[in-house]
Structures are given as structure tokens and as C-alpha cells.
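Accompanying notes for the structure given below.
Only the coordinates and a few stated rules stand behind these numbers; no lab work does. All values derive from a computational prediction rather than experimental measurement. Positions of Cβ are backbone-derived with ideal geometry, glycine not excepted, and every protein chain shown enters the neighbour counts.
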């Protein structure tokens with residue numbers, strides 16, 4: 001579930017408000033968006049992919065809330081890790097080009 | 001019952017073709033309609049590009065080059081699993097159209113990988129990349145997109161043809177109306193808010209709206225697909241569980257449990273937790289797995305679990321008709337529903353035509369979304385054109401019922417969340433939906449019928465509540481078609497597993513059509529004797 005909108009990183013572009021499929025965020029004037037409907041979060045991680053500054057963190061637990069520590073997440077490289085994995089962002093290349101599904105399916109009988 | 005539209009609409013728009021739903025099927029529909037010269041509006045309750053199960057996930061595609069032997073193998077592979085309800089002409093059409101359209105994706109710049117021999121490999125699509133590209137492509141051909149704009153009811157004109165829809169922007173509260181000569185339902189299936197990956201926008205909204213306009217469903221008994229996920233997580237991506245060992249809590253292997261024999265996992269979960277470990281994947285495969293499905297590893301990396309060496313608890317989340325095959329019945333190769341001016345595409349439509357009563361995963365559904373989306377868009381545009389000048393200035397009425405009607409007999413305020421929990425309590429449990437029995441289905445139907453009555457006699461207080469109330473109504477209606485159909489199929493076929501009738505019965509090799517809202521009905525229909533003489537002639541060449 002979405003657990004973090006980083007106040008230090010957020011640039012208030014409100015892209016997450018617009019693109020969240022389940023309408024979890026609310027715009028807040030002159031402030032980062034709020035997590036207004038956390039229980040509606042479906043843990044799809046799409047907001048992280050569209051956040052240009054890696055200010056969001058979706059915890060893996062989809063049914064319960066958890067507490068997160070922004071400094072620790074940043075330290076272990078989890079802020080923006082999914083975006084990096086799929087190769088989205090400035091000066092990155094989409095990893096779709098490196099999709100190895102054909103290797104996997106070869107191993108199936 | 002017809003209501004005159006009395007509401008003022010902040011956005012009063014006209015289109016030749018209205019597409020409801022912005023996932024793969026909706027975007028292909030919008031693209032082909034607009035490429036045929038139609039003015040197209042696409043509305044989505046989320047955001048076109050991130051909404052739906054494909055965007056969040058990505059999957060295989062039933063993409064098979066036109067080599068007769070390869071095609072024959074592809075067609076034969078699922079016929080038995082699907083319970084022999086599919087149709088080979090439809091399979092041919094879908095294989096042909098999918099091949100053309102996926103190649104089109106490559107031309108648009110989708111970064112397909114190359115295989116060991118340096119050939120392009122086009123059988124897998126990464127969801128975020130795919131749907132971001134589709135959004136750009138439909139914008140390029142002039143489709144107007146309304147994001148965050150759930151449709152709430154269809155409009156019908158004096159000739160009983162569907163003539164658009166109304167809805168609301170869920171963020172601003174602005175009401176919108178789109179008057180259109182044809183409408184395509186591409187709202188996906190129904191997974192009952194189970195939090196299966198990307199599925200919580202899929203609440204059967206399109207089924208409900210279509211049924212209110214008089215459309216029929218087909219194959220709703222094939223609606224009990226469950227996906228494996230880590231117990232704590234939403235990620236129902238199941239491919240890699242082919243290399244898993246399933247164990248009890250103490251580490252003992254569960255006899256017979258595998259990704260393909262999910263029923264053993266379900267049976268065990270009824271008694272105790274089930275654990276998995278992806279220990280059959282060779283060291284050399286592991287890097288490939290990460291590059292094939294980056295999101296499979298997200299929950300593990302974040303929870304600090306190495307799925308190759310550490311056991312983790314798993315669960316089965318209901319994917320309902322999303323990974324099932326039931327949906328709106330389509331009556332011909334244009335993907336028209338039985339109601340004039342209304343088309344259905346993707347998971348919102350029945351997929352029995354190509355895979356009968358079973359889909360093993362995304363690949364057929366992805367191919368179906370691409371093909372049915374393409375055909376419905378093209379056909380809707382042609383239909384609108386055929387109406388000529390006659391099309392304008394028709395009077396329209398909204399046909400939505402639950403949540404949209406007011407009256408003195410509706411004193412009760414709707415407890416929407418309770419209704420949703422109550423319907424989930426009938427469709428989630430494995431002992432009710434995975435393993436079906438006559439008695440269990442009847443008891444559930446009794447409760448679901450009662451819930452429907454409750455919905456019918458209640459009133460919602462605000463527009464915000466209305467959106468959720470319509471979702472609740474759609475889920476209750478869907479569950480009633482599901483279980484009413486399941487009761488009628490007194491056998492085990494495809495994914496429909498009936499404990500009282502554990503064998504396939506050759507006398508029931510037919511479709512079950514269902515419909516109705518206050519009175520749900522089910523009837524059998526013989527298998528299609530396809531009238532398509534030359535399927536090749538119908539395959540559109542992408543522009």
C-alpha cells in the first residue's frame with residue numbers, strides 16, 4: 001500500500017493524483033499531495049513509475065498498513081527502485097528491450 | 001424504465017464513437033475507430049495508461065506467425081482445457097489480427113527484444129510500456145480522452161439503440177454526457193476488489209451498464225479464476241510458480257500441488273497456510289526472470305525475501321472474470337452486442353470464442369483485447385457512418401437504475417461498504433466459488449438476491465457515494481449471473497468445477513447465456529456454427 005509521499009523530494013507536480021488508477025491521492029494547495037484514501041490503494045506501483053523524482057513509496061503489503069522510514073528506504077535504494085528496474089527516467093533505456101521471457105518459456109516443457 | 005435527463009452537465013459532448021474503458025481493448029478500439037475517420041471520445045474511471053490489469057502487469061500475447069503448423073499447434077493447445085467450447089474460425093481471426101497489430105506496435109516503437117537468433121521476439125508485452133505507448137498513439141490520431149471519469153449509465157434513444165453515456169469526474173465532481181451513435185464497452189472483467197494486481201478498477205461496471213440497456217452475458221460460469229500471490233502481496237503473476245515447490249508450514253512438500261494444479265493449493269489453504277519457494281529455477285535462469293517480469297520481484301525485494309532460497313506464504317486471490325472467460329455476449333464478427341449501437345471488447349466481452357471455459361493466463365486475453373478492440377472500433381465507426389444524417393437530434397434517455405433513481409419508496413440509505421463485503425463473502429471463499437456445489441451456489445444466490453433487493457430499495461446521498469454504489473451494484477449483478485449460470489451447468493468443464501458433477505457431460509457442450517437484473521435468467525445456446533466464410537478478408541491492415 002502507498003505509505004510515503006516524500007515532502008523533501010516532492011515537486012508538487014500532482015502527476016500521481018492524475019494517474020493513480022484508484023484515486024488514492026488528493027491535491028493540496030502549495031503542498032505535496034495527500035494520501036487521502038489509502039485503503040483504496042491496490043498496490044499496483046504505477047504511481048512510483050510516473051513520479052519524476054522518486055518521491056513515492058508503495059510498501060509490498062497490500063492489505064495492511066505498515067510504517068516506513070524515508071531515510072532507510074533511500075539508504076537501501078528502494079525509493080524509485082521499480083522505475084529504475086523498468087528503465088524509465090532521464091537517461092535510462094526501457095528494459096522492455098531486454099525482456100527475457102523467451103528464455104523462460106524455453107525452459108517450460 | 002426510461003428516465004428523462006434532467007441533470008445539467010458541465011461537459012456536454014458529442015462523438016461518433018464513445019469508448020468506455022482505457023485499457024488494451026479500449027485503446028485499440030479507440031485507435032481503429034479514429035483511424036477509420038470517426039470522432040472518438042474515450043472515458044476511463046482511472047487514467048488511460050495506468051488503468052486495468054495489463055498496465056500494472058504485462059503479459060504474454062497469443063502471437064503466432066502465420067506458419068500453418070505453428071498455428072495448428074496454437075489452436076489445438078487449449079481446446080481441451082477450455083472444454084471444447086471455442087471456435088476455430090474465431091481463433092484464426094484473432095491469430096491473424098493479433099499478428100498484424102502486434103507488428104504495428106513494433107512500428108510504433110515498442111521496444112521488443114530479440115531472441116538468441118537475433119530475431120524479434122513479440123510474445124511478451126511489459127504493461128507500463130505498452131499502455132503508455134497506446135495512450136500516445138490514440139492521442140496522435142485525435143482521440144479525446146477523459147481520465148478519472150467513470151461512466152455511470154448508458155443512454156438509449158427513441159429507437160432503443162444505445163446513444164452514449166453519462167458520468168462524473170471523480171476528482172472535480174463535474175458531470176459529463178457524451179452523445180454518440182455507437183458505444184464500445186471495454187471496461188474489463190470483474191475481480192470484486194480482491195486486490196489482484198491492477199484489478200481493483202475492474203468491478204464489472206460495463207456488464208451492469210450493458211445489461212441495463214438490454215445486453216446479454218455469455219459464459220458467466222467461467223468466472224472463478226484465482227491467481228497465486230505471496231500472501232501479503234497483490235502481485236498475482238503466476239508464470240514463475242512453474243518452478244516452485246509448495247509446502248506446508250513445516251516445510252513438508254504438499255503432494256500434487258503445483259501452479260497447474262492450483263486446486264490442491266486451494267484445498268490446503270482451506271485448512272492451513274501454504275508456502276512456496278521458487279527453488280526449481282536454475283541459477284542461470286534467475287537473471288532472465290528478473291528481466292522478464294521486474295514486478296514479480298518487487299514485493300520480495302521490498303519485504304527482504306529471496307524467493308529462490310526462502311519459503312514465503314502464498315494465497316490465491318480471486319481474478320473472477322478477468323482471468324475467466326465470461327462476459328458480454330457478442331453476436332457477430334463486429335463484436336456487436338445484442339443491443340443496437342453497443343459493442344463489447346476485451347475482458348468485458350466473452351472470450352469463450354477463442355478459449356472456451358479456461359484461460360491459462362494473459363496471452364489469449366491479451367490477443368482478444370487487441371483483436372476485439374480493433375474490430376469493435378472499426379465496426380462502430382462504420383455503423384455510425386451508415387446512419388448518415390439520420391443520426392443527429394435524437395432524444396435520449398438514461399437507462400441506469402440502481403443508485404440513479406430516486407423516489408419516496410427509497411428511504412433506506414445504502415450501506416455500500418457492507419454490500420461490497422457481503423458480495424465478497426460469497427465469491428472469494430474457495431469452498432464456495434472454486435469448489436462449487438448445488439447447495440452452496442443456491443445459498444449464495446439467496447444472499448445475493450437479497451443484496452440486490454437492498455440495493456434496489458436504497459438511495460445514495462452524494463455523487464461520491466454514487467460511484468462506489470454503482471460498483472457495488474455491478475459486483476452483485478455479476479455474482480448473480482455467475483452463480484445462476486454455474487447452477488445451470490451441471491457438470492465440470494473448463495474452470496467451472498462442480499463437486500456434485502465432477503465429470504464433463506457431452507450433452508452440455510453449449511454456451512450458457514444469462515441476463516436480467518431484477519429477474520436473472522439463464523438459457524443454453526448451441527455452439528456457434530461460424531458463418532464467417534473467409535476470415536482473412538476481415539482482417540484489417542493497420543494504418
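Tabulated results
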item: Rounded, prolate or oblate (a/c below 1.5 giving rounded, otherwise prolate when a/b exceeds b/c) for segment B:266-320 by Cα gyration tensor; result: prolate
item: Other protein chain Cβ atoms within 10 Å, averaged over every residue that makes up B:121-129; result: 6
item: The protein assembly as shown, helix-only ellipticity at 222 nm - DSSP H runs n ≥ 4, -39,500 (n - 2.57), divided by all residues, nearest 500; result: -10000 deg cm²/dmol
item: Kirkwood-Stokes translational diffusion coefficient of chain B, alpha-carbon pairs, 25 °C, 0.890 mPa s, µm²/s; result: 105 µm²/s
item: Solution diffusion estimate, µm²/s, Stokes-Einstein, segment B:72-191, Kirkwood Rh from C-alpha pairs, 10 °C, viscosity 1.306 mPa s; result: 86 µm²/s
item: Packing-based exposure ordering (other Cβ within 10 Å, fewest first) of B:297, B:192, B:435; result: B:435, B:297, B:192
item: √(5λ) per eigenvalue of the Cα gyration tensor, segment B:296-407, largest first, Å; result: 40, 20, 14
item: Directionally averaged shadow of segment B:226-320, computed from the convex hull of its alpha-carbon atoms, nm²; result: 5.9 nm²
item: Ranking of B:105, A:78 by count of other Cβ atoms within 10 Å, fewest first; result: A:78, B:105
item: Ranking of B:159, A:26, A:99, B:115 by count of other Cβ atoms within 10 Å, fewest first; result: B:159, A:26, B:115, A:99
item: Number of partner chain Cβ atoms within 10 Å, mean per residue of B:57-67; result: 1
item: Cβ neighbours within 10 Å from other chains - mean over B:170-180; result: 1
item: q = 0.10, 0.13, 0.15, 0.23 Å⁻¹: log10 I(q)/I(0) that the Debye formula gives for segment B:412-504, counting C-alpha atoms only; result: -0.29, -0.46, -0.58, -1.05
item: Segment A:2-106 - Rg over Rh from alpha carbon coordinates, Kirkwood radius; result: 1.00
item: R0 of 56 Å, Cβ-Cβ distance residue B:11-residue B:503: FRET efficiency to nearest 0.05; result: 0.55
item: Debye intensity ratio I(q)/I(0), log10, the protein assembly as shown, q values 0.05, 0.08, 0.09 Å⁻¹ (C-alpha model); result: -0.20, -0.54, -0.69
